[in-house]
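In what follows, a structure is listed as structure tokens, so that the remarks can point back to it.
Taken together, the values in this text are just the output of simple stated rules run on the coordinates, not laboratory data. What you are looking at is a predicted structure, and each value in this text was computed from that prediction instead of being measured. Positions of Cβ are backbone-derived with ideal geometry, glycine not excepted, and every protein chain shown enters the neighbour counts.
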Amino acid sequence: MDVQSIRKQVPATRKMVYLNTGWDGPSPKSVVQAVKDRVEYESFNGPTSPPVYQSGREIQQNARKAAASLLNVSSDEILLTQCTTDGLNLVLNGLDWKEGDEVITFGLEHSSVLIPAYLLPRRHGVRLKVLDLNPTDTHEEIISRVAEAISPRTRLLFFSHIQYTCGLRMPAEGLRKLTKDAGVQMLIDGAQTAGHIALDLREMDCDYYSIPGQKWLLGPDGTGALFIRQDLIPSVSPTRVSGRAVASYDEHGGFQPSTDTMDKFLLTTSSAPLAAGFVEAVAFHHQMGSHAVEARTRSLAGLLKQALSEVPGVEILSPTDDARSCGLTSFRIEGIASTDAVNQLWNEYGIVVRPVSELSCIRAATHAFNNEEDIQKLVSAVTQLTP
Ligand SMILES: Cc1ncc(COP(=O)(O)O)c(C=O)c1O
């Protein structure tokens, strides 16, 4: 991987040590250019003139194809969304819940998982089981905890493929096997995976998977994609509807619902400039290669964990073995609150990381555009913040 050339294409790398892609990634120039070009094209050539309108539709289709290529699924199973949370809500609120149905999730989860899940009992009489999850849990422990929690009423297991607090990579394949055997569906939050680890949803035999464009994919804010496996599309009802939700309707209240395509979830106007940026982001990712990106993010995180472990007063919370780790590294510095440390790292060293309140820690995300010097700068700054 030619890191130097990748860095040249990501302008933020010239100004700071950016280690917060797990929140929002800095776009490469090609993404920014695609968004700008399309905004200009639409405005200067009339947004509804036939060539502009037609090319806008093509861009939306290309964005669906781009997401499908990333996830190894069909573009008919993809809906463009505005973020991960958008897709998660769409599935969770669109399923036909019965009183007493059970949903399983984990206490350590992101609020985009927890809050939509917490509302299910109130809205639909669903029973929610929130299982313990710790950064140190092994895959076997997680799988056996879920196995114990599954009952004949369990309909859905809902979790993040990578835990945002600490980078714990969940045993998605093992959980799939377990849930498949038990007739339980899985809704996966892929906020921390797309553009970070190689994904093959077909091989994983996935039911529902939601990803963002703005994080590891380095796309624009306001982009994302939801996958629903083809045979499950009819069982998810749109909760926000437009004319696209029906196959036909008349002036007297009559209509024929549209059940079997992702288009039923579409509303009306959507942004072709953002979709154009998303297409470029996926192209940039493919140029680097999914497996190469995954290997590099993990190896940089490995370097960071190793170096931080040698600094007295630093505690590392993220797993270190290959199966459970990724490009997210969470750590605490003795004697300093994580929010203060994050502020100091920015104000005094020009380093962007984030605090994670759930674990009172600091999280650094190492993407392929980061380099060894970024790691050294962070480690040296952290060393100076220790007591
Ligand atoms: C696990 C997880 N889920 C959901 C989100 C929210 O993502 P989005 O803004 O794409 O909805 C995040 C953001 O950090 C996350 O880490």
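Here are the numbers for the structure shown:
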| quantity | calculated |
| --- | --- |
| Loop sites in segment 295-342: GluC sites (Glu not before Pro), DSSP, at most 15 other Cβ within 10 Å | GLU310, GLU334 |
| Segment 177-219 and segment 336-374: distance between their alpha carbon centers, rounded to Å | 26 Å |
| Alpha-carbon radius of gyration plus Dmax, which is the widest Cα pair, for segment 70-189 in Å | 14.0, 38 |
| D (Stokes-Einstein, µm²/s), Kirkwood Cα radius, segment 304-387, 1.567 mPa s at 4 °C | 101 µm²/s |
| Farthest toward positive dipole pole in the chain [+1 Lys/Arg, -1 Asp/Glu at C-beta], among VAL353, LEU114, SER49 | SER49 |
| ³J(HN,Hα), Karplus 6.51/-1.76/1.60, whole Hz, each residue of segment 169-184, x for Gly, Pro | 7, 7, x, 4, 5, x, 5, 4, 4, 4, 5, 4, 4, 8, x, 10 |
| Segment 289-385: relative contact order as a whole-number percent, Cα under 8 Å and 6+ apart | 30 percent |
| In Hz, Karplus ³J(HN,Hα) per residue of segment 41-48 (6.51, -1.76, 1.60; θ = phi - 60°; x = Gly, Pro) | 4, 5, 5, 6, 10, x, x, 10 |
| Isotropically averaged projected area of the chain, using the convex hull of Cα atoms (one quarter of hull area), nm² | 20.6 nm² |
| Sequence-distant residues sharing a close amide H with CYS361 (under 5 Å, placed H) | VAL356 |
| Amide H within-cut-off set for ALA247, under 5 Å, with H built and near neighbours excluded | GLN256, SER258 |
| Neighbour net charge for SER210 - beta-carbon separation under 15 angstrom, K R +1, D E -1 | -2 |
| Other-chain or far-sequence residues with amide H under 5 Å of SER242's (modelled H) | none |
| Length-normalised contact order of segment 1-151 in % [C-alpha pairs under 8 Å, at least 6 apart] | 13 percent |
| Ellipticity estimate at 222 nm from DSSP helix runs (n ≥ 4, -39,500 (n - 2.57)) divided over the chain, nearest 500 | -13500 deg cm²/dmol |
